[in-house]
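These notes concern the structure reproduced below.
The values are calculated or read from the model by the stated rules, or taken from the named source; none is laboratory data. None of the values given here were measured: they were computed from a predicted structure. Note that we place each Cβ from the backbone using ideal geometry, even for glycine, and neighbour counts take in every protein chain shown. Areas reflect the complete protein model, heavy atoms only, side chains present, ligands, DNA and RNA absent. Shrake-Rupley method; radii C 1.70, N 1.55, O 1.52, S 1.80 Å.
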Amino acid sequence: MAHSKYLRAIGQSLEMTRIEAFELENHGESYLVRSRSITPTCQWIINNSLIAAVWDTPTPGEKDSPLKGGKGWLRYEPQIISRLDAQGRKQRRSHLPAQVQAPSKPSQHLRTLGEHLDRVEASEFTILWDHPYSVTVNYQTSDGESEQKKFSFEKLHELGFHMRFRRSTRSL
C-alpha cells in the first residue's frame, strides 16, 4: 500500500477520535502518532470500531493484534492500517455519489500529503499537524535528500482537488 492509502486510513481513525493536533512519523511499514489528545479511550474507540465495522468473523490472531498505544501515542502496524482501509472503503461505498467525501477532512488532507510523499519517493518522514494553522512535512527522499514543506490547510485543500482531478482523468 502507498503512503497515500496508509495516511488516509490513519486519518480516518483520527477523525473518529477528533484528534486535531499531532505528530505522525513513519518507521518502516509502521506509523507512530503522538498527541497530547490521545488517551486510552481514543485507542479503545479505534479498536472497537475495527472489530465491529470490518470483521464479522475474525480470523485467528486478529483479536491478538489491536492498535497499540499508550498515553499520548498510537502505533499503526500494517495489518491495522489494512483493516482501517477496508473499513473506510466499506463506508465510502455505502455513500451515495452525491455524498462525496468532504475534501477538508483530515483523512483527505493526509491522503494528499501521502500522494506528495509517494511522488517524491520519500523513504522517511514526519508530519506535524497543527490544525487550524498549518502542516509541516519533513522527509527524506530515496536518494538521501532531506526536505521540508509547510502547507496551509487552504493549500492542502487546493492540492487535494488537483490530485482528485488527475485521478479521475486517469480512470477515463
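Please work out which one of (1) surrounded by 12 or more Cβ atoms within 10 Å (Cβ to Cβ); (2) at pLDDT 85 or above is the condition GLU154 fails and give its number.
(1)
Tally up the residues in the range 131-143 that are at pLDDT 90 or above and farther than 20 Å from ALA2 by Cβ, please.
Looking only at that region, the number is 2.
For the range 16-46, give me each residue that is of a type in the set (Asp, Glu) and modelled with pLDDT under 90. Full working, then the answer.
Taking the range 16-46 as the starting set, the residues that turn out to be of a type in the set (Asp, Glu) are 20, 23, 25, 29.
Listed by number, the residues that qualify are GLU20, GLU29.
So how many residues does the range 1-37 have that are open to solvent by less than 20 Å² (accessible area, probe 1.4 Å) and in contact with a His (Cβ under 8 Å, 6 or more places away or on another chain)?
2
Here is a check on your reading of the model: is LEU128 under 15 Å from the mean Cα position of the chain (by Cα), at pLDDT below 95 and hydrophobic (A, V, I, L, M, F, W, C)? First the steps, then the outcome.
On the way: under 15 Å from the mean Cα position of the chain (by Cα): yes; at pLDDT below 95: no; hydrophobic (A, V, I, L, M, F, W, C): yes.
Against the criterion (under 15 Å from the mean Cα position of the chain (by Cα), at pLDDT below 95 and hydrophobic (A, V, I, L, M, F, W, C)), LEU128 does not qualify.
Okay, residues lined up against (1) modelled with pLDDT of 80 or more; (2) of a type outside the set (Lys, Arg); (3) out of contact with any helix residue (DSSP H, G or I) (no Cβ under 7 Å at 6 or more places or on another chain):
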site: ASN48; (1), (2), (3): yes, yes, yes
site: SER65; (1), (2), (3): no, yes, no
site: PRO78; (1), (2), (3): yes, yes, yes
site: SER94; (1), (2), (3): no, yes, yes
